[in-house]
Amino acid sequence: MKYIVTLNGKKYEVEVERGQATAVYAGEAPAQPIQPTPAPAPAPAAAPAPAAAPAGKGEVVASPMPGAILDVRCQSGQKVKAGDILFILEAMKMENEICAPRDGTVTAVCVSKGGQVETGTALCTLA
């Protein structure tokens, strides 16, 4: 099948056979000049929502990557030890365990199961 293609003001004859394409220069620009249509202006990007301050006092346990919260394994007032699993975060089809960085008490849980988080989002606070 043959096609006439105009690229940068030059006219090309393109022939496609069995999944392969070849291009042959066919001469000057077409007799009827094609008026370029202006591209629509891109919509302005939405401003990111300001990060909410964590509800509890103490050290913030933040999300190391964007993803979805699959499970919340802690609650406010719970005592945890360093290495205890606090959350299961799905990122790039992998389940990641978010563990307590130190011994302490969870003062606030800032996310819920099924929620989406970005890198740096506060998951909980430890006192």
Difference of contour (0.36 nm per residue) and Cα-Cα distance, V16 to T105:
25.2 nm
Testing the spin-label approximation: label points 7 Å from Cα along Cα→Cβ at K113 and V5. State their distance in nm.
5.3 nm
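Could you work out how much longer the chain between E97 and R73 gets when fully extended? Use 0.36 nm per residue separation minus the Cα distance between them, nm to one decimal.
Additional length available on full extension: 7.6 nm.
Read the figures in this text as sums done on the coordinates, not as results from a lab. Keep in mind that what you see is a predicted model, and the values were worked out from it rather than measured. Every residue, glycine among them, receives a Cβ derived from its backbone with ideal geometry; neighbour counts consider all protein chains shown.
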